[in-house]
Every structure is written in C-alpha cells, then in structure tokens.
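Report on the following structure.
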Amino acid sequence: FLPGVTVMAFSLNFLKDEISSLKRKRDTAPSQQKYVRNEELEKPKEEAYLKEQEERKKRKLQKEAERLEAIQAKLAAEQKEEEKKVVHVPVEEVKRRLRARQQPITLFGETEEGRLDRLRQLEITNPIDYRSIDTQASFEGSDFLKRLAEEDYDEDIEVQKRKRDELEDPDFKIENREPTCVEDEILFFFRGIVNDMRIKLEKRTEAERKTAKGRQDTAMFGQSKEFLRPFFSKLKERTVNIQIVEKMHDIVVHLKEKEYVKANDAYYHMAIGNSPWPIGVTCVGIHERSAREKISTDQTAHILNDDTQRKYISSVKRLMTFYVC
C-alpha cells in the first residue's frame, strides 16, 4: 500500500468517529430551540393565577365559616339572655292585646307560642298604650260610665264602705222580715242580688279594681243602682204596673227554682212582649179586623213605655245574669 492512501483512510475514520460523537451529544443534550410558543410562555402564569385563586377561595370560605360560627354563637347567647328576661304573658292577656290592636286572635295553624311571638313583633315595631285603648273601648259612647269610673278610680275601698255605712241607703237596705206581699218578695230578692254584687266588688284586690274591667264593673254597678232606684221605690209604694209585677214575680220564682230558661222567657215576654203587628188598618167602619182582637194590654212591650221603665228593666237583666253566673 501507498503511504498517502493509509493516511487518507485514517482521516476518514477519524471524521466518521467525530460525526458519530457529535450526533450522540446532540441526542443526549437538551434541545435548544430558537423560537418559543406563546402558550408555553403563558402556561406558568396561568398555573400561578389558578393556584392563587384556589388559595383565595379557601381563605374566603374559611372566613365565611368563622363569621357564621360567630353569628350562631351570638344568637345563642342572645336567645339565652332573652329566655332569662322573657315574661310569660297569660293567654287571655295576649288575646286582649291582639284584640286591642285589631289583629286576628289566632291564625290558621298557629300555636300559643307563635301567637306570643307575633304579638312581640307587633309590640317592637308599633308600641302602643293598652290602658288608653282599653279605657276608650270600655267607655266609648257612655259619658256616665266614664265619669263614674273616674270618680271611683282613686277612691279607697274603705272610704266607700264608710260612706255606704254613713248613708244607709233606704232603697237598698236589707230588711230582716218576711215579705207581706208580691212586691215585697220581688224587692227583697233583687235587693239581695244587689248586695251580693256589692260584696263581690269589695272583695277585689286593688290591682283588679284599677284595671279597665274593674273600673267598668264598678261603673256598671253604680249605674244599675241608679236605674233600679225608681223601681225599688215604686215597689215599696205598691205603684208598679200590675202586669210588670206579675212578670217580675214569675222571674223571681223561676230564678229561685233554678229554671233559668223560663226566667229568661218571662223577662223577654215582659220587656219586648209578643203582640202581633197587624198590617193595614185595624178598624174600618163598624167591623174590626181579625187581628185586632189579638192585641191586648198584657202583650205589649213595657220596655218601650218610657225611659225610666227601659232603664230599670235592662238593669234587672244584669241582676239576672249575675245571679245565674
């Protein structure tokens, strides 16, 4: 072989080995691109943003949970304080206050606790003075009752007893003797009921007497006495209409026998009567209509005769109601 050929072959082998070495380095070395895509640049920023949002969401949920826990703890503490301060209002008082506010007493499906809560909400949003409403409702349209209640409101019970003992009203004095006639029987019976009403009113406590109902009861009792005074005076003088005396006696007998329905029937028969009201002219010429003969004096309504009779007849009904109850 020629020496130049040997050198050339060696050079070619060296170049070949060098190229192979460079290829291996190229395959094993990381790729270095000249250009980078935009999405590859934005991807780290997006991942960092999503991670930050997730952490922010976690912090927000944690704060909301802490806030709810604080609110629940506060409500529980307020509820405990309210339970300590709560005043149990009687059912009748709750109904009275709702009625004074012109609110329905009970809604459909409402319990007593729900009704009390509804009243509390109304009292918080619209507080009112129940005493003035009760007084106005009780004495509306009756100046006599209002004046009488105001006079007796601040008067002590002992003062009333002393004044009663000093006056010794003869029309209402209890007599320890047997009745001698029908008028005496009626008079003694109704005097006894008036005396029982007076005793019941005197047994009330000071708090009960100063309520709106207590003032009204006192006023109604005084009014009834004033209305009954002419009736009792006429009974003592034996000048009451005989028909009224008969009906009153029937009422007294039925009440003593506890025949309350018959007593009410006798009262209504006396008060409003049962006389027919004929239509048209009752008498033309010499002939009378058939309905005319049914009208008699014992069927008239005595409550319509005059104002005095109307007052004491209505007061008798109050005495009957008290006696029955």
Exercise. What accessible surface, in Å², does a 1.4 Å probe find on ARG56, ignoring ligands, DNA and RNA and rounding to the nearest 10?
Worked result: 120 Å²
Problem set entry | HN-Hα J in Hz across region 59-66 - Karplus 6.51, -1.76, 1.60, θ = phi - 60°, x for Gly and Pro | 5, 5, 5, 5, 5, 5, 5, 5
Exercise. Which far-off residues, 5 or more places away or on another chain, put their amide H under 5 Å from the one on GLY273, with H placed in the peptide plane?
Worked result: HIS302
Exercise. So how exposed is MET320, as accessible area in Å² (1.4 Å probe, rounded to 10)?
Worked result: 10 Å²
Exercise. Per-residue HN-Hα couplings for region 170-183, Karplus 6.51 cos²θ - 1.76 cosθ + 1.60 at θ = phi - 60°, whole Hz, x for Gly and Pro?
Worked result: x, 6, 10, 6, 6, 9, 8, 8, 7, x, 9, 8, 5, 4
Problem set entry | Per-residue SASA entry for LYS23, accessible area with 1.4 Å probe, Å² rounded to 10 | 110 Å²
Problem set entry | Gain upon complete extension [ARG24, ARG198; 0.36 nm per residue less C-alpha separation] | 49.9 nm
Exercise. For THR106 and GLU64, what does the FRET efficiency come to when R0 = 30 Å and r is the distance between their Cβ atoms, rounded to the nearest 0.05?
Worked result: 0.15
Seminar exercise, completed: Simple SL model, points at 7 angstrom along Cα→Cβ for ASP17 and GLU54; separation in nm is 5.4 nm
Problem set entry | Residue-by-residue Karplus 3J(HN,Hα) for region 224-229, coefficients 6.51, -1.76, 1.60, Hz, glycine and proline x | 4, 4, 5, 6, 7, 4
Exercise. Under a no-solvent Debye model with one identical scatterer per Cα of region 176-269, what's log10 I(q)/I(0) at q = 0.10, 0.15, 0.19, 0.21 Å⁻¹?
Worked result: -0.34, -0.71, -0.99, -1.10
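The values are calculated or read from the model by the stated rules, or taken from the named source; none is laboratory data. Just so it is clear, the model here is predicted, and its values are computed rather than measured. As a convention, Cβ positions derive from the backbone with ideal geometry for all residues, glycine included, and neighbour counts pool all protein chains shown. The area values use the complete protein model at the heavy-atom level, side chains included, leaving out ligands, DNA and RNA. Shrake-Rupley method; radii C 1.70, N 1.55, O 1.52, S 1.80 Å.
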